[in-house]
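A short write-up of the structure that comes next.
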Amino acid sequence: MFIFVLLFLLSCVYYVYFRRMRKPLYELSESLPNTGCLPIIGHTHWFLGGPEKVLKNIQQLASLVEDSGGISKVWIGPSLYIVSLNPDDVQKILENCLQKDSSYRFLQNWLGNGLFVAPVDLWKAHRRVLLSVFHNKIIDEYVDVFGEQGEVLVERLKEQINKPEFDVYKYITSCMLDIVFETAMGEKMDVQHNPDTPYLRARNAVMSIIGMRLFKAWMQPDVLFNLTPYSKQQKENIDLTHKFTDEVVRKKRMLHEKNGPEKNLGRRDLLQLLLDRETKFTDEELRDQVDSITIAGNDTTALVISYALLLLGCHQEEQEKVYAEVKGIFGDSSRHPTKADLNKMDHLERVIKETMRFYTVVPIIGRQTQKELKLSTCTVPAGVGCAVLPFAMHRSKRIWGPDADSFNPDRFLPEASAKRHPCSYIPFSYGARNCIGRHFGMIVMKSVLANVLRNYKITSSSCGRLKIEILLFPVSGHMITIEKR
Ligand code: HEM
């Protein structure tokens, strides 16, 4: 009995201490509008249910935040997040908070200290080196790979000509995997012809377990997750993917040590370039960087390309404009797009930008304050999560006007873009920790889309319902039909 009384008293003391330590958080929370927060569990219930339900809840939450002035709070259990849809506040968050939020820890077993999840100190040192290998001039040398793989894609799509609706994403994602593997690590995987390998199965399994865990509150604590069969499955699949990249890194390092930096041998993959840099990475660090690049670069670009096809299939007049532009550049030639060709595709670029606004594939960005941060209506203490919701900002009527829900690439004409706040449009995030692959992404998407659109006329009805699984996916796939031009 005495033990229970003692435990109860200790718990009360701890609770009082806990509340006192977190007083600044409660004061901040009190000062912000209440957007459906319940006692104790806060907003945790908004993040329960399937990926479609969770997305709907987040959309609803975003409109409550918008209605209450563009800034509010979300409590997930004991963790407070500040949510802002105001471009000024978002700019401050993305410029000042370079630390990723604690939910990115689910990726850490897989991506280690790769750029995507690295703690700030390590990230600063590594980002500087990676920026030098992601230089536009280096990336521009990969246009031949983009063109070659785009041609394979066009060939593979032939099996769908004049057939019923099909999901184009699986074709695009195989093409993007081939491109990303060849440019990041020099591996010709030929996924377009062999889409079912143990490595790819393992990679997909890890992605779906992490995606599921992110929005299942009860699976978030490691102690509970480790009790589920998913924990073992995740470990086995991560080991398999690591084994693959470790082997590539080992081979590349051996070659590098044998031949030394081969300055004039033409196009080199990103891994070779990293091996040449003065900053010496360990094999494990190289694996983390390469895995981060291939993961961050594949599904994002594949999704945007697939959404663009879907939207062009629904908006024939926009498709005809892109076709006229591409036809004007290539005529009847089937040559691969060069960098000069890609520079001329202004309308296609606007279509891609509008696609990334309309369907923002990275819907949420989570950061953490490292020191006190003054926002428009409140001051956030250090160590608090900040959630930026690009997908909600990209559909905000306050920013985009009453027709925010219609597809209009001309929003990205230079004069219209110049009038907008720099943080009103952030598909690649913003600030020093923005997407390092945005130039790569933009030119690869242009090249692949130009190849598909000069060969096929696309039709589709609508995208339908959406869901969130780390990225934004349509529930029923990217369904289109194609006919030969
Ligand atoms: C349409 C294509 C893409 C989109 C929409 C996109 C979007 C983003 C966003 C929003 C972030 C910040 C995420 C966060 O802070 O949570 C990010 C980071 C990153 N992206 Fe991309 N990305 C794309 C393509 C690529 C490509 C092609 C690559 C590489 C080949 C790449 C590599 C990375 C890496 C390594 C990071 C982490 C950067 C850092 O923390 O310093 N991305 N991307």
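The residue list 365, 323, 205 was ranked by how far each Cα lies along the charge dipole of the chain toward its positive end, using unit charges on Cβ atoms, and 365 comes out on top.
From the residues 406, 191, 289, which one has its Cα farthest along the dipole of the chain in the positive direction, the dipole being from +1 and -1 charges on Cβ of Lys/Arg and Asp/Glu about the Cα centre? The residue sitting most towards the positive pole is 289.
Ranking 310, 47, 5 by Cα position along the charge dipole of the chain, where only Lys, Arg, Asp and Glu carry charges on their C-beta atoms, puts 5 farthest toward the positive end.
Full extension of the chain segment joining residue 88 with residue 125 gains 10.5 nm, where the gain is 0.36 nm per residue of separation less the Cα-Cα distance. Each stretch of four or more DSSP H residues adds -39500 (n - 2.57); spread over every residue of the chain, this sum gives -17500 deg cm²/dmol at 222 nm. Residues whose amide H lies under 5 Å from that of residue 375, counting only those 5 or more places away or on a different chain, are 380; hydrogens are built 1.01 Å from N in the peptide plane. A 1.4 Å probe run over the chain, with the rest of the protein chains in place, finds 46 Å² accessible per residue.
Backbone N atoms of region 193-209 closer than 19 Å to the 7 Å Cα→Cβ label point of residue 159 belong to residues 193-198, 200-201. Cα centroid separation, region 349-409 to region 324-341: 35 Å. Calculation over all alpha carbon pairs of region 32-484 in 20 angstrom steps from 0 returns a P(r) of 24, 58, 18, 0 percent.
Distance between the 7 Å Cα→Cβ label points at residue 247 and residue 22: 4.7 nm.
Post the alpha-carbon centroid distance, region 22-74 to region 184-232, in whole angstrom. What the calculation gives is 29 Å, centre to centre. Just to confirm the number: angle between the C-alpha axis of helix 87-96 and the first principal axis of the chain, 0 to 90 degrees, nearest 10? Relative to the chain, helix 87-96 is tipped by roughly 90 degrees. Contact order, relative form, for region 32-484: 27 percent (alpha carbon pairs under 8 Å, 6 or more residues apart, mean separation divided by residue count).
Among the protein heavy atoms of the chain, carbon and sulfur supply 58% of the accessible surface, probe 1.4 Å, non-protein parts ignored.
The values are calculated or read from the model by the stated rules, or taken from the named source; none is laboratory data. Owing to the predicted nature of the structure, the values given are computational and were not obtained by experimental measurement. Note: ideal-geometry Cβ built from the backbone for every residue, glycine included; neighbour counts use all protein chains shown. Please note that ligands, DNA and RNA were not included when accessible areas were found on the heavy atoms of the full protein model with its side chains. Shrake-Rupley method; radii C 1.70, N 1.55, O 1.52, S 1.80 Å.
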